[in-house]
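Input: a single structure, listed below in structure tokens.
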Amino acid sequence: MTAWLVALPILVPFVTAILAFLAGGSITVKRWISVAGAAVLLAVGLLLIHQVYQHGILVGAMGDWPPPFGIALVVDFLSAIMVAITGITGLAVAVYALAEVDRAEEHVGFHPLFHLLLGGVCGAFTTGDMFNLYVWFEVMLISSFALLVLGSRKAQIDGAVKYVALNLVSTVLFLVAVGLLYGMTGTLNMADLHLTIPQVENQGLVTAVALMFIVAFGIKSALFPLFFWLPAAYHTPSVSVSAIFSALLTKVGVYALIRVFTLIFTQDVGYTHNLLLIIAGITMLTGVLGAAAQNEFRRILSFHIVSQIGYMIMGLALYTPLGVMGAVFYVVHHIIVKANLFLVSGVANRLTGSFELKKIGGLYKSQPFVAVLFLVPAFSLAGLPPLSGFWAKLVLVQAGLEIGSYLIVATALLVGLLTIYSMTKIWNEAFWKSHPDAIEPGTGAVALSRRDYILLTAPIAGMAALTVIIGLWTEPFILLATAAAEQLLNPDAYVNAVLGARP
Amino acid sequence: MEVVLSVVVGIMVTASIYLMLGRNLVKFLFGLILLSNAANLAIFTSGRLTWGSPPLIPEGALVPITDIANALPQALILTAIVISFGLLAFALVLAYCAYQELGTVDTDEMRIAEPETEFAKKASRAWRALSGPRDRAP
Amino acid sequence: MHSLILSTATRFLTGLMLVFSVFLLLRGHNEPGGGFVGSLVASTAFALYAIALGAQAVRRALRVDPRTLVMVGLALAIIGGLLPLIEGAPLFTGVWTDIPLPRGGYLHVGSPLIFDVGVYLVVVGAVLTVILTMEEEVL
């Protein structure tokens, strides 16, 4: 039965996509299918966490071919957490999209594409095979391409050209790296790779392939200096699409890096992980400085994705139990907060008529509730106590101090300060100062119907509440992240679960 | 034989990188197509080459009797070809749309999503003055 | 493009190629062939039809939106993967059954065939979506 359980995160979004496309006639049916599918996915994620807690790592051999010969789906704590968090953001964005996405775009297929994207993401999180990971990356990529150009406005096509170009290059690099890995070891099963990599004669070549994976996943996760596609594209599609991209796509790259550099390439930690640490530091700085130069709501947030990715990679690169735990915790915190900020940017746009900070204002006075909803994720992003971001940063800083990497700790703290600067800029321009055109936000041309208001703010309020809960009631989340880090740093359990699990 | 193919892969990658460095979007796409073919060839080569021994098990036998070719790289390549076919078809349509909507295939001139700020304009003018006249993309 | 020779020949060729594509699909059961190869032949047939008679003619001949084909194909592939649930086997395990034929003998069919038909439809639908979009854009 385990084989069915671990396949659920992939099956649910795919079945939802098919139903949402084939459900004829009324758009209402499609919408409810979409929301229901996302809710089921969330339930599946929570169920998986529970099952991993009860039974340890879950392994399912597809087609009854035992690993390492067939494709195995493997769910450990990290995978289960990622699936659950995908469900949370999926549900929030699915609800938000009901009021935000154009009816025309819904007709062209927003809902099916959205769920295909979720399916690709969940597939990448659950697979235990390198080539299968490549396939899921592609499923995710092709649906993201289609979502990005949905509506075909000029800016979207412009952004998509850069997004598509760089991501295709990363795809090919990934493929070559997989090919070389296979040439060296004769296997592509991750658990089997863990066993065979140390036996390869030419360890220099292993490190070279590891670097290819850094570049390939580095493009996906927008690491320095490969992040240019992200701020070029993320502010162009509809807000729902921006939000789900910002939450999940780069994090799949981060997940892949964490998986590969804890399970497979651990033979030359002194070189690869130090390199990752340097990249992490520069990524943080570049992202936050890039954000400081921007004046558009979503572009600021896009650059902040880049800087936040640096923190996650920092946790991985420190390669201590605390560091990896911090990385996992940071991913969870970041997905919720960042998706939420994008959703807020959409509400601000609807209430004031633009994403350009110079052209909007007055939100605090007329919409205090929205202002609070912005402040929670914004403070959390900057790392103010007692919100989730504070604990995430605290753990990482502690992990850095523990092994004496003072430079990266200083960078992390500095970047935190600069993040406050950007958030203050948004606060001042969009919320505090009055509207330059003397428009009262939410009235007249920018009025919002009651239904839309509820559908737009409910997901934001829910995710903001989650941020506060993680901040105030941190212990269970820290324990979960610690358990995930323990599994990651002791791959023997993973290997035994996969290669011992012959039916 | 592996050596020859490795060199061929190297040449293809070199050519594709040259193409991809151009500002012309269409050239970039050609480079990408070449690169993905080079990737397929690299996988093929890393699966080791054998002469005329198809991976088929004769009737009646349960395991192959002689040494056979490695079938897995071929399966991987087939999958990769299918995927890259889809992605490149999309990229081609996108390039066409970009040409229609934006009126150019020069990636330097696609500035709708990221409009040039005054400062950036000044900086690039200064840079151009320093580095001399630059050749235009055809 | 209007060419009498091409459009007349196309009417024969398209039918022939479609039959051949189904042949390839079924042959994939035990010998070289299969859903993917068959579907490429089928898409070539429709592409030829589009070149000779225009994209609109292909849409009329198909009767359904190619994207519907993709989704139906995906649904079939998933159903093919879900069938082993009946026997309690893992996802995508092949399950087989023998259907007796009227004059003795039997037909050996299984879930991989359903999966293959799904692949066939997905690829035909996807290729045609691209081809028809480009054809309509350019002309």
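Projected label points at A:Glu475 and A:Trp32, each 7 Å from Cα along the beta carbon direction, are separated by 4.2 nanometres.
Equivalent ellipsoid of the protein assembly as shown: semi-axes from √(5λ) of the C-alpha gyration tensor, largest first, are 41, 32, 28 Å. Ordered from largest to smallest accessible area (heavy atoms of protein chains, 1.4 Å probe), the residues C:Asp65, A:Asp129, B:Asp67 come out as B:Asp67, C:Asp65, A:Asp129. Per residue of peptide A:146-154, the mean number of Cβ atoms on other chains within 10 Å of the residue Cβ is 2. A helix-only calculation puts chain A at -26000 deg cm²/dmol for mean residue ellipticity at 222 nm, using -39500 (n - 2.57) for each DSSP H run of at least four residues, averaged over all residues. Using a 1.4 angstrom probe on protein heavy atoms only, the contact between A and B buries about 2800 square angstrom of accessible area, both sides summed. In chain B, once you exclude exposed trypsin sites (Lys or Arg not before Pro) (DSSP loop, at most 11 other Cβ within 10 angstrom), what's the longest stretch remaining? Answer - B:1-133. Judged by the mean number of other Cβ atoms found within 10 Å, the most tightly packed of the peptides C:12-18, A:36-42, A:54-60 leads the ranking A:36-42, A:54-60, C:12-18.
Each part gets one Cα centre, and for the range A:386-431 versus the range A:49-124 those centres are 30 Å apart. In this structure, the pairs whose alpha-carbon distance is over 24 Å, taken from A:Lys154/A:Lys358; A:Lys338/A:Lys393; A:Lys338/A:Lys358; A:Lys220/B:Lys121, are A:Lys220/B:Lys121. Take each residue of peptide B:74-87, count the partner chain Cβ atoms within 10 Å of its Cβ, and average: the result is 5. Over the range B:30-76, the ratio between the Cα radius of gyration and 2.2 N^0.38 Å evaluates to 1.50. Determine, from the Cβ-Cβ distance of A:Leu413 and A:Ala458 and an R0 of 41 Å, the FRET efficiency 1/(1 + (r/R0)^6), rounded to the nearest 0.05. Efficiency, rounded to the nearest 0.05: 0.70. Accessible surface for chain B, divided over its residues, is 63 Å² per residue with a 1.4 Å probe. Entry comment: accessible area of the range C:4-138 is 54 Å² per residue, from protein heavy atoms only and a probe of 1.4 Å.
Solvent-accessible area of the protein assembly as shown (1.4 angstrom probe, protein heavy atoms only): carbon and sulfur portion equals 69 percent. Solvent exposure of the range A:268-472, expressed per residue, is 35 Å² of accessible area, with all protein chains present and a 1.4 angstrom probe. Taking trypsin sites (Lys or Arg not before Pro) that fall in a DSSP loop and have at most 15 other Cβ atoms within 10 Å as cut points, what is the longest piece of chain C between them? Here the longest segment lacking exposed loop sites spans C:1-62. What is the distance in Å between the Cα centres of the range A:317-358 and the range B:22-45? One Cα centre to the other: 35 Å. Simple spin-label estimate for B:Leu56 and B:Ile81 gives 1.8 nm between the two label positions (7 Å along the Cα-to-Cβ direction from each Cα).
Between the C-alpha center of the range C:68-82 and that of the range B:61-77 there is a gap of 29 Å. Taking every residue in A:352-358 and counting other chain Cβ atoms within 10 Å of its Cβ, the average works out to 0.
The modelled label-to-label distance between C:Arg11 and A:Leu205, using points 7 Å beyond Cα along the C-beta direction, is 6.0 nm. Taking Cα atoms only, the orientation of helix A:203-220 departs from the longest principal axis of chain A by about 20 degrees. For the protein assembly as shown, the share of DSSP beta bridges that are antiparallel, to the nearest 5, is 100%.
The values are calculated or read from the model by the stated rules, or taken from the named source; none is laboratory data. Given the structure is predicted, the values throughout are model-derived calculations rather than measurements. Virtual Cβ from ideal backbone geometry, glycine too; neighbours counted across all protein chains shown. We work out accessible area using only protein heavy atoms, side chains counted, and drop any ligands, DNA or RNA first. Shrake-Rupley method; radii C 1.70, N 1.55, O 1.52, S 1.80 Å.
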